[in-house]
1. Which of the residues spanning the range 416-461 are assigned to a loop (DSSP other than H, G, I, E, B) and surrounded by fewer than 20 Cβ atoms within 10 Å (Cβ to Cβ)?
2. Restricting attention to the range 326-333, does a residue exist that is open to solvent by 30 Å² or more (accessible area, probe 1.4 Å) and either closer than 28 Å to P372 by Cα or of a type in the set (S, T, N, Q) (or both)?
3. The conditions are (1) hydrophobic (A, V, I, L, M, F, W, C); (2) within 16 Å of the chain's Cα centre (by Cα); (3) in a helix (DSSP H, G or I), and V300 fails exactly one of them. Which is it?
4. Just to be sure, is S354 closer than 30 Å to M61 by Cα, surrounded by fewer than 23 Cβ atoms within 10 Å (Cβ to Cβ), of a type outside the set (A, V, I, L, M, F, W, C) and at pLDDT below 95?
5. If E329 satisfies all but one of (1) assigned to a helix (DSSP H, G or I); (2) touching a Phe, Trp or Tyr at 6+ places or on another chain (Cβ under 7 Å); (3) at pLDDT below 95; (4) closer than 20 Å to H84 by Cα, what's the number of the condition it fails?
6. Of the residues L369, L379, L385, only one is in contact (Cβ under 8 Å) with a residue 40 or more places away in the chain and among the aliphatic types (A, V, I, L, M); which?
7. Just to check your reading of the model, which residue among M358, M348 is hydrophobic (A, V, I, L, M, F, W, C) and in contact with a Phe, Trp or Tyr (Cβ under 8 Å, 6 or more places away or on another chain)?
8. Return the residues of the range 39-82 that are part of a helix (DSSP H, G or I) and either outside the structural domain of K338 (by the TED database) or open to solvent by less than 10 Å² (accessible area, probe 1.4 Å) (or both); say none if nothing qualifies.
Amino acid sequence: MSYSVVEYYGENSKYQCGYCKQSSSCSSYGMWAHKLSCQDYQELIDRGWRRSGCYCYKPMMDVTCCPSYTIKCDAINFRLNKSHKKIIKRMNKFLRDGLKETSEQDAQSNIDEIATHDGSACDQEHTEVPSMQPHALDPDLLNTLTHVNSEKRSPSADDKTSALPIPTLSGVVNSSTHTSDSSISNEPKKAKLRRIERKREKLQKKGLSGADIEQLMQSNNRKSAEKSLEEFLSESPQDNDSPAHRLKYQTAIHNDPPGAIEDYLDFLVKSPLKPFQGFGTFHQQYWLDDRLIAVGVIDVLPNCVSSVYFFYDPEYKFLSLGTYGSLRELAYTRSLYKEYPSISNYYMGFYIHSCPKMRYKSNLQPSYLLCPEAYTWHLLDRTGLAKLDASKYTRLNDDPTAQDTNKATEQDVNDVLLIFGRSCMTYTQYLTVVGKELPILFEYARLVGKSCAKKMMLYRV
(Lines give C-alpha, C1' and ligand atoms only; values in the text may rest on other atoms or scores of the structure.)
Protein backbone atom coordinates (compact mmCIF):
# COMPACT_ATOMS: atom_id res chain seq x y z
CA MET A 1 0.00 0.00 0.00
CA SER A 2 1.29 3.46 -0.91
CA TYR A 3 1.17 6.18 1.74
CA SER A 4 2.27 9.77 2.38
CA VAL A 5 4.36 11.44 5.08
CA VAL A 6 4.62 15.24 5.03
CA GLU A 7 6.10 17.97 7.21
CA TYR A 8 4.10 21.21 7.11
CA TYR A 9 6.07 24.47 7.25
CA GLY A 10 3.25 27.01 7.08
CA GLU A 11 3.65 30.44 5.50
CA ASN A 12 6.75 31.52 3.61
CA SER A 13 6.31 35.25 3.05
CA LYS A 14 8.09 38.22 1.57
CA TYR A 15 10.80 36.50 -0.46
CA GLN A 16 12.06 37.33 -3.94
CA CYS A 17 9.75 36.49 -6.80
CA GLY A 18 11.19 34.33 -9.58
CA TYR A 19 8.99 36.03 -12.18
CA CYS A 20 8.80 39.78 -11.56
CA LYS A 21 12.07 39.74 -9.54
CA GLN A 22 10.75 41.98 -6.77
CA SER A 23 12.83 41.39 -3.66
CA SER A 24 10.11 40.73 -1.06
CA SER A 25 6.79 40.34 -2.82
CA CYS A 26 6.25 36.57 -3.03
CA SER A 27 4.22 34.51 -0.53
CA SER A 28 3.29 30.84 -0.38
CA TYR A 29 2.53 27.91 1.92
CA GLY A 30 5.02 25.08 2.01
CA MET A 31 5.54 21.53 3.19
CA TRP A 32 8.14 18.83 2.72
CA ALA A 33 7.03 15.49 1.34
CA HIS A 34 9.11 12.68 2.80
CA LYS A 35 6.92 10.24 0.89
CA LEU A 36 3.91 11.01 -1.27
CA SER A 37 1.43 8.63 -2.86
CA CYS A 38 0.51 9.41 -6.45
CA GLN A 39 -3.18 9.67 -5.55
CA ASP A 40 -2.49 12.14 -2.74
CA TYR A 41 -0.34 14.27 -5.02
CA GLN A 42 -3.09 14.22 -7.67
CA GLU A 43 -5.47 15.62 -5.07
CA LEU A 44 -2.93 18.23 -3.97
CA ILE A 45 -2.30 19.62 -7.46
CA ASP A 46 -6.07 19.81 -7.90
CA ARG A 47 -5.98 22.23 -4.95
CA GLY A 48 -3.24 24.43 -6.35
CA TRP A 49 -0.16 22.69 -4.91
CA ARG A 50 2.97 22.04 -6.94
CA ARG A 51 6.17 20.17 -6.17
CA SER A 52 9.77 21.24 -6.69
CA GLY A 53 11.72 18.10 -5.91
CA CYS A 54 10.35 16.97 -2.53
CA TYR A 55 9.25 20.47 -1.56
CA CYS A 56 5.54 21.18 -2.14
CA TYR A 57 4.22 24.74 -2.22
CA LYS A 58 0.93 26.52 -2.75
CA PRO A 59 1.00 30.23 -3.68
CA MET A 60 -0.97 32.62 -1.47
CA MET A 61 -2.95 33.72 -4.48
CA ASP A 62 -4.62 36.86 -3.09
CA VAL A 63 -1.38 38.11 -1.52
CA THR A 64 1.54 37.15 -3.75
CA CYS A 65 2.75 39.48 -6.48
CA CYS A 66 2.33 37.00 -9.35
CA PRO A 67 -0.71 34.75 -8.79
CA SER A 68 -0.04 31.27 -10.17
CA TYR A 69 -3.05 29.36 -11.51
CA THR A 70 -2.84 25.61 -11.98
CA ILE A 71 -3.34 24.90 -15.68
CA LYS A 72 -4.25 21.69 -17.47
CA CYS A 73 -4.85 20.80 -21.10
CA ASP A 74 -7.60 18.42 -22.16
CA ALA A 75 -5.24 16.02 -23.93
CA ILE A 76 -7.97 13.99 -25.60
CA ASN A 77 -9.53 17.00 -27.33
CA PHE A 78 -6.24 18.77 -28.00
CA ARG A 79 -5.88 20.23 -31.47
CA LEU A 80 -2.68 21.38 -33.13
CA ASN A 81 -2.50 24.98 -34.27
CA LYS A 82 -0.43 26.28 -37.18
CA SER A 83 2.44 27.22 -34.91
CA HIS A 84 2.68 23.68 -33.51
CA LYS A 85 2.71 22.21 -37.01
CA LYS A 86 5.49 24.59 -37.99
CA ILE A 87 7.63 23.48 -35.05
CA ILE A 88 7.21 19.81 -35.98
CA LYS A 89 8.06 20.60 -39.60
CA ARG A 90 11.18 22.47 -38.54
CA MET A 91 12.32 19.45 -36.53
CA ASN A 92 11.71 17.19 -39.55
CA LYS A 93 13.64 19.46 -41.84
CA PHE A 94 16.60 19.49 -39.50
CA LEU A 95 16.53 15.69 -39.13
CA ARG A 96 16.26 15.21 -42.88
CA ASP A 97 18.75 17.80 -44.12
CA GLY A 98 20.77 18.75 -41.05
CA LEU A 99 20.27 22.41 -41.91
CA LYS A 100 19.04 25.34 -39.84
CA GLU A 101 16.79 28.08 -41.23
CA THR A 102 18.67 29.80 -44.04
CA SER A 103 16.64 32.77 -45.26
CA GLU A 104 16.49 35.96 -43.24
CA GLN A 105 12.70 35.75 -43.08
CA ASP A 106 12.77 32.12 -41.90
CA ALA A 107 15.39 32.95 -39.29
CA GLN A 108 13.34 35.88 -37.94
CA SER A 109 10.22 33.72 -37.89
CA ASN A 110 12.16 31.12 -35.93
CA ILE A 111 13.31 33.72 -33.39
CA ASP A 112 9.74 34.96 -32.93
CA GLU A 113 8.50 31.39 -32.49
CA ILE A 114 11.09 30.63 -29.81
CA ALA A 115 10.35 33.85 -27.95
CA THR A 116 6.66 32.92 -27.92
CA HIS A 117 7.07 29.32 -26.80
CA ASP A 118 10.38 28.61 -25.13
CA GLY A 119 12.27 31.66 -23.96
CA SER A 120 15.28 29.99 -22.36
CA ALA A 121 17.02 26.66 -22.00
CA CYS A 122 14.70 25.74 -19.17
CA ASP A 123 10.99 25.77 -18.59
CA GLN A 124 9.99 29.33 -17.72
CA GLU A 125 8.43 28.18 -14.48
CA HIS A 126 10.30 29.28 -11.39
CA THR A 127 11.15 26.54 -8.90
CA GLU A 128 10.53 27.19 -5.21
CA VAL A 129 12.94 26.27 -2.43
CA PRO A 130 11.97 25.43 1.18
CA SER A 131 12.28 28.07 3.87
CA MET A 132 13.73 25.48 6.26
CA GLN A 133 15.31 22.06 6.15
CA PRO A 134 13.23 18.93 6.79
CA HIS A 135 13.84 16.67 9.77
CA ALA A 136 15.45 13.32 9.14
CA LEU A 137 12.97 10.50 9.67
CA ASP A 138 13.97 6.99 10.72
CA PRO A 139 13.26 4.66 7.74
CA ASP A 140 12.52 1.76 10.10
CA LEU A 141 9.95 3.92 11.88
CA LEU A 142 8.27 4.77 8.58
CA ASN A 143 8.06 1.12 7.61
CA THR A 144 6.52 0.28 10.99
CA LEU A 145 4.01 3.10 10.73
CA THR A 146 2.97 1.95 7.26
CA HIS A 147 1.14 -1.01 8.74
CA VAL A 148 -0.44 1.10 11.46
CA ASN A 149 -1.50 3.72 8.96
CA SER A 150 -3.05 1.17 6.61
CA GLU A 151 -5.72 0.52 9.25
CA LYS A 152 -6.42 4.23 9.78
CA ARG A 153 -6.46 5.72 6.28
CA SER A 154 -9.15 5.38 3.67
CA PRO A 155 -8.30 3.30 0.57
CA SER A 156 -6.88 5.50 -2.15
CA ALA A 157 -6.90 5.20 -5.89
CA ASP A 158 -3.30 4.03 -5.62
CA ASP A 159 -4.58 0.90 -3.93
CA LYS A 160 -7.55 0.34 -6.23
CA THR A 161 -6.21 1.27 -9.68
CA SER A 162 -4.97 -1.51 -11.92
CA ALA A 163 -1.26 -1.39 -12.61
CA LEU A 164 0.05 0.76 -15.42
CA PRO A 165 2.82 -0.62 -17.60
CA ILE A 166 6.12 0.93 -16.52
CA PRO A 167 6.92 3.36 -19.35
CA THR A 168 10.05 2.10 -21.13
CA LEU A 169 9.43 3.60 -24.56
CA SER A 170 12.45 3.81 -26.80
CA GLY A 171 13.22 4.15 -30.46
CA VAL A 172 13.47 6.76 -33.16
CA VAL A 173 11.25 9.75 -32.68
CA ASN A 174 8.87 9.94 -35.60
CA SER A 175 8.69 13.63 -36.26
CA SER A 176 6.30 14.96 -38.85
CA THR A 177 6.77 16.54 -42.23
CA HIS A 178 3.53 18.33 -43.04
CA THR A 179 3.30 19.64 -46.59
CA SER A 180 -0.11 21.28 -46.55
CA ASP A 181 0.23 24.87 -47.69
CA SER A 182 -2.35 26.05 -45.20
CA SER A 183 -0.38 24.74 -42.22
CA ILE A 184 2.44 27.28 -42.27
CA SER A 185 0.97 30.55 -41.10
CA ASN A 186 4.16 32.62 -41.05
CA GLU A 187 5.87 31.20 -44.14
CA PRO A 188 6.54 33.88 -46.76
CA LYS A 189 3.82 33.90 -49.41
CA LYS A 190 6.32 33.66 -52.28
CA ALA A 191 7.79 30.45 -50.86
CA LYS A 192 4.32 28.99 -50.46
CA LEU A 193 3.43 29.84 -54.04
CA ARG A 194 6.65 28.23 -55.28
CA ARG A 195 5.79 25.04 -53.43
CA ILE A 196 2.29 25.00 -54.92
CA GLU A 197 3.71 25.45 -58.41
CA ARG A 198 6.20 22.62 -57.89
CA LYS A 199 3.36 20.34 -56.84
CA ARG A 200 1.35 21.30 -59.90
CA GLU A 201 4.31 20.66 -62.22
CA LYS A 202 4.87 17.19 -60.76
CA LEU A 203 1.22 16.29 -61.17
CA GLN A 204 1.17 17.65 -64.74
CA LYS A 205 4.19 15.49 -65.62
CA LYS A 206 2.16 12.49 -64.46
CA GLY A 207 -0.45 13.36 -67.09
CA LEU A 208 -3.21 14.65 -64.76
CA SER A 209 -5.66 17.20 -66.11
CA GLY A 210 -6.08 20.62 -64.54
CA ALA A 211 -9.38 19.66 -62.93
CA ASP A 212 -7.90 16.44 -61.52
CA ILE A 213 -4.96 18.36 -60.09
CA GLU A 214 -7.22 20.85 -58.33
CA GLN A 215 -9.37 18.07 -56.90
CA LEU A 216 -6.35 16.12 -55.66
CA MET A 217 -4.74 19.15 -54.02
CA GLN A 218 -7.97 20.13 -52.29
CA SER A 219 -8.35 16.55 -51.05
CA ASN A 220 -4.78 16.58 -49.68
CA ASN A 221 -5.45 19.88 -47.90
CA ARG A 222 -8.57 18.46 -46.23
CA LYS A 223 -6.70 15.35 -45.11
CA SER A 224 -3.86 17.46 -43.71
CA ALA A 225 -6.28 19.64 -41.79
CA GLU A 226 -7.78 16.57 -40.15
CA LYS A 227 -4.49 15.02 -39.06
CA SER A 228 -4.10 14.27 -35.37
CA LEU A 229 -1.10 14.97 -33.20
CA GLU A 230 -0.04 11.34 -33.47
CA GLU A 231 -0.22 11.41 -37.25
CA PHE A 232 1.97 14.49 -37.39
CA LEU A 233 4.52 12.96 -35.04
CA SER A 234 4.51 9.65 -36.92
CA GLU A 235 5.70 11.16 -40.21
CA SER A 236 9.46 11.36 -40.29
CA PRO A 237 12.44 10.69 -42.54
CA GLN A 238 13.12 6.95 -42.31
CA ASP A 239 16.48 5.21 -42.23
CA ASN A 240 16.23 4.32 -45.93
CA ASP A 241 15.88 8.05 -46.63
CA SER A 242 19.43 8.53 -45.28
CA PRO A 243 18.49 11.36 -42.89
CA ALA A 244 21.21 13.68 -41.64
CA HIS A 245 20.23 13.03 -38.00
CA ARG A 246 18.29 10.50 -35.96
CA LEU A 247 16.35 11.62 -32.89
CA LYS A 248 15.75 9.00 -30.21
CA TYR A 249 13.10 9.37 -27.56
CA GLN A 250 13.40 7.35 -24.36
CA THR A 251 11.37 7.23 -21.15
CA ALA A 252 13.15 5.95 -18.05
CA ILE A 253 11.88 5.39 -14.53
CA HIS A 254 13.11 7.92 -11.98
CA ASN A 255 16.25 7.08 -9.99
CA ASP A 256 18.10 9.22 -7.47
CA PRO A 257 21.21 10.89 -8.93
CA PRO A 258 24.77 9.84 -8.02
CA GLY A 259 26.25 11.61 -5.02
CA ALA A 260 28.63 13.82 -6.98
CA ILE A 261 25.79 15.80 -8.55
CA GLU A 262 23.12 15.18 -5.92
CA ASP A 263 23.15 18.71 -4.50
CA TYR A 264 23.06 20.31 -7.95
CA LEU A 265 20.09 18.25 -9.15
CA ASP A 266 18.29 18.02 -5.81
CA PHE A 267 15.29 20.14 -6.76
CA LEU A 268 15.09 18.67 -10.25
CA VAL A 269 15.32 14.90 -10.05
CA LYS A 270 14.50 14.01 -6.46
CA SER A 271 10.93 12.90 -6.16
CA PRO A 272 8.78 11.96 -3.17
CA LEU A 273 6.66 9.83 -5.50
CA LYS A 274 7.70 6.21 -5.29
CA PRO A 275 6.90 4.01 -8.30
CA PHE A 276 3.66 2.14 -7.65
CA GLN A 277 1.86 0.07 -10.26
CA GLY A 278 3.33 2.13 -13.09
CA PHE A 279 2.65 5.54 -11.54
CA GLY A 280 5.48 7.80 -10.40
CA THR A 281 8.18 10.09 -11.75
CA PHE A 282 9.86 9.49 -15.11
CA HIS A 283 12.57 11.15 -17.18
CA GLN A 284 12.02 11.49 -20.92
CA GLN A 285 15.28 11.85 -22.80
CA TYR A 286 15.80 13.25 -26.30
CA TRP A 287 18.95 11.98 -28.02
CA LEU A 288 20.16 13.56 -31.25
CA ASP A 289 22.37 10.83 -32.70
CA ASP A 290 24.56 10.13 -29.63
CA ARG A 291 24.07 13.48 -27.90
CA LEU A 292 21.54 14.18 -25.15
CA ILE A 293 19.88 17.47 -26.12
CA ALA A 294 16.82 17.63 -23.83
CA VAL A 295 15.24 16.04 -20.76
CA GLY A 296 11.65 16.25 -19.58
CA VAL A 297 10.67 15.28 -16.03
CA ILE A 298 7.07 14.11 -15.71
CA ASP A 299 4.82 12.64 -13.02
CA VAL A 300 2.37 9.96 -14.13
CA LEU A 301 -0.62 10.28 -11.80
CA PRO A 302 -4.06 8.62 -11.62
CA ASN A 303 -5.79 11.36 -13.66
CA CYS A 304 -3.02 13.03 -15.60
CA VAL A 305 0.52 13.36 -16.79
CA SER A 306 2.04 16.32 -14.96
CA SER A 307 5.01 18.17 -16.45
CA VAL A 308 7.52 18.87 -13.68
CA TYR A 309 10.39 20.46 -15.58
CA PHE A 310 11.92 20.58 -19.05
CA PHE A 311 15.44 21.66 -19.94
CA TYR A 312 17.53 21.47 -23.09
CA ASP A 313 20.87 22.24 -24.67
CA PRO A 314 20.75 25.94 -25.67
CA GLU A 315 22.69 25.10 -28.84
CA TYR A 316 19.46 23.59 -30.16
CA LYS A 317 17.20 26.43 -29.14
CA PHE A 318 16.30 26.99 -32.81
CA LEU A 319 14.25 23.74 -32.72
CA SER A 320 11.81 25.15 -30.14
CA LEU A 321 12.44 22.08 -27.99
CA GLY A 322 10.28 23.39 -25.14
CA THR A 323 7.15 23.28 -27.26
CA TYR A 324 8.22 20.14 -29.08
CA GLY A 325 8.65 18.44 -25.69
CA SER A 326 5.16 19.57 -24.63
CA LEU A 327 3.69 18.04 -27.78
CA ARG A 328 5.53 14.79 -27.09
CA GLU A 329 4.22 14.74 -23.52
CA LEU A 330 0.71 15.42 -24.76
CA ALA A 331 0.98 12.51 -27.18
CA TYR A 332 2.22 10.29 -24.35
CA THR A 333 -0.78 11.30 -22.23
CA ARG A 334 -3.10 10.39 -25.09
CA SER A 335 -1.41 7.01 -25.48
CA LEU A 336 -1.97 6.21 -21.79
CA TYR A 337 -5.61 7.25 -22.09
CA LYS A 338 -6.27 4.48 -24.61
CA GLU A 339 -5.67 1.87 -21.90
CA TYR A 340 -6.46 3.94 -18.79
CA PRO A 341 -9.30 6.44 -19.50
CA SER A 342 -8.82 8.23 -16.18
CA ILE A 343 -5.53 9.67 -17.50
CA SER A 344 -7.02 12.29 -19.79
CA ASN A 345 -5.29 15.56 -18.88
CA TYR A 346 -1.86 17.08 -19.30
CA TYR A 347 -0.91 19.40 -16.43
CA MET A 348 1.52 22.20 -17.29
CA GLY A 349 2.22 23.52 -13.81
CA PHE A 350 1.31 27.15 -13.22
CA TYR A 351 -0.03 29.81 -15.56
CA ILE A 352 1.09 33.31 -14.54
CA HIS A 353 -0.85 35.83 -16.59
CA SER A 354 1.17 38.75 -15.21
CA CYS A 355 4.35 37.17 -16.64
CA PRO A 356 4.32 37.45 -20.47
CA LYS A 357 6.88 34.66 -20.91
CA MET A 358 4.51 32.23 -19.21
CA ARG A 359 1.58 32.92 -21.51
CA TYR A 360 2.84 30.40 -24.08
CA LYS A 361 1.03 27.72 -22.06
CA SER A 362 -2.30 29.12 -23.20
CA ASN A 363 -1.41 28.05 -26.77
CA LEU A 364 -2.22 24.44 -25.89
CA GLN A 365 -5.98 24.26 -26.26
CA PRO A 366 -8.42 23.46 -24.84
CA SER A 367 -6.86 24.42 -21.49
CA TYR A 368 -8.43 25.09 -18.11
CA LEU A 369 -7.45 27.11 -15.05
CA LEU A 370 -8.20 26.14 -11.45
CA CYS A 371 -10.36 28.53 -9.45
CA PRO A 372 -8.32 29.43 -6.34
CA GLU A 373 -11.42 29.54 -4.12
CA ALA A 374 -13.89 26.87 -5.27
CA TYR A 375 -11.25 24.58 -6.82
CA THR A 376 -13.29 24.15 -10.00
CA TRP A 377 -11.92 24.16 -13.56
CA HIS A 378 -12.65 26.93 -16.07
CA LEU A 379 -11.90 27.16 -19.77
CA LEU A 380 -9.01 29.47 -20.60
CA ASP A 381 -10.76 31.39 -23.36
CA ARG A 382 -11.26 35.07 -24.13
CA THR A 383 -13.60 35.47 -21.18
CA GLY A 384 -11.06 33.98 -18.80
CA LEU A 385 -8.24 36.07 -20.24
CA ALA A 386 -10.36 39.21 -19.91
CA LYS A 387 -10.84 38.50 -16.20
CA LEU A 388 -7.09 38.18 -15.72
CA ASP A 389 -6.47 41.33 -17.75
CA ALA A 390 -8.78 43.20 -15.39
CA SER A 391 -7.26 41.77 -12.20
CA LYS A 392 -4.24 39.50 -11.77
CA TYR A 393 -6.07 37.73 -8.94
CA THR A 394 -9.61 36.67 -9.68
CA ARG A 395 -12.13 34.10 -8.57
CA LEU A 396 -12.66 32.26 -11.83
CA ASN A 397 -15.94 30.69 -10.75
CA ASP A 398 -18.73 33.19 -11.45
CA ASP A 399 -21.17 31.41 -9.14
CA PRO A 400 -20.83 33.18 -5.76
CA THR A 401 -22.50 30.23 -4.02
CA ALA A 402 -19.99 27.66 -5.31
CA GLN A 403 -17.89 26.36 -2.44
CA ASP A 404 -14.93 24.08 -1.93
CA THR A 405 -16.52 20.60 -1.81
CA ASN A 406 -13.38 19.17 -0.19
CA LYS A 407 -13.29 21.71 2.63
CA ALA A 408 -12.16 20.30 5.97
CA THR A 409 -14.54 20.52 8.93
CA GLU A 410 -13.61 20.60 12.60
CA GLN A 411 -14.27 16.85 12.77
CA ASP A 412 -11.95 16.33 9.81
CA VAL A 413 -9.22 18.18 11.69
CA ASN A 414 -9.73 15.85 14.65
CA ASP A 415 -9.11 12.94 12.27
CA VAL A 416 -5.80 14.31 10.94
CA LEU A 417 -3.07 11.68 11.28
CA LEU A 418 0.05 12.75 13.19
CA ILE A 419 3.42 11.12 13.63
CA PHE A 420 4.47 11.99 17.16
CA GLY A 421 7.41 10.29 18.81
CA ARG A 422 7.37 6.78 17.40
CA SER A 423 3.61 6.53 17.05
CA CYS A 424 0.93 7.40 14.53
CA MET A 425 -2.25 8.84 16.03
CA THR A 426 -5.20 11.04 15.20
CA TYR A 427 -5.30 14.61 16.41
CA THR A 428 -7.98 13.62 18.93
CA GLN A 429 -5.63 11.00 20.36
CA TYR A 430 -2.77 13.50 20.32
CA LEU A 431 -4.80 15.94 22.44
CA THR A 432 -5.49 13.17 24.94
CA VAL A 433 -1.81 12.19 25.17
CA VAL A 434 -0.14 15.61 24.96
CA GLY A 435 -2.93 17.95 26.03
CA LYS A 436 -1.65 20.77 23.81
CA GLU A 437 -3.58 22.15 20.82
CA LEU A 438 -2.00 22.67 17.41
CA PRO A 439 -3.77 25.68 15.84
CA ILE A 440 -1.73 25.32 12.63
CA LEU A 441 -3.57 22.06 11.93
CA PHE A 442 -6.69 23.97 10.90
CA GLU A 443 -4.68 25.87 8.29
CA TYR A 444 -3.01 22.67 7.11
CA ALA A 445 -6.32 20.81 6.74
CA ARG A 446 -7.90 23.77 4.91
CA LEU A 447 -5.08 23.89 2.38
CA VAL A 448 -4.67 20.18 1.64
CA GLY A 449 -8.41 19.41 1.83
CA LYS A 450 -10.25 16.98 4.05
CA SER A 451 -9.41 13.94 1.94
CA CYS A 452 -5.62 14.34 2.15
CA ALA A 453 -5.81 15.64 5.72
CA LYS A 454 -7.29 12.31 6.80
CA LYS A 455 -4.96 10.14 4.69
CA MET A 456 -1.52 11.71 4.83
CA MET A 457 0.61 11.34 7.95
CA LEU A 458 1.78 14.71 9.29
CA TYR A 459 5.12 14.68 11.07
CA ARG A 460 5.39 16.79 14.21
CA VAL A 461 8.56 17.28 16.24
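1. The answer is G421, R422, G435, K436, E437, L438, P439, R460, V461.
2. Looking through the range 326-333, none of the residues is open to solvent by 30 Å² or more (accessible area, probe 1.4 Å) and either closer than 28 Å to P372 by Cα or of a type in the set (S, T, N, Q) (or both).
3. (3)
4. yes
5. So the condition that E329 fails would be (3).
6. L369
7. Result: M358 is the single residue among M358, M348 that is hydrophobic (A, V, I, L, M, F, W, C) and in contact with a Phe, Trp or Tyr (Cβ under 8 Å, 6 or more places away or on another chain).
8. D40, Y41, Q42, L44, I45
The values are calculated or read from the model by the stated rules, or taken from the named source; none is laboratory data. Quick caveat: nothing in here was measured; it's all calculated off a predicted structure. Glycine gets a Cβ as well: all are built from the backbone with ideal geometry, and neighbour counts include every protein chain shown. The protein model used for the area step is the full one, side chains on, heavy atoms only, and it has no ligands, DNA or RNA in it. Shrake-Rupley method; radii C 1.70, N 1.55, O 1.52, S 1.80 Å.
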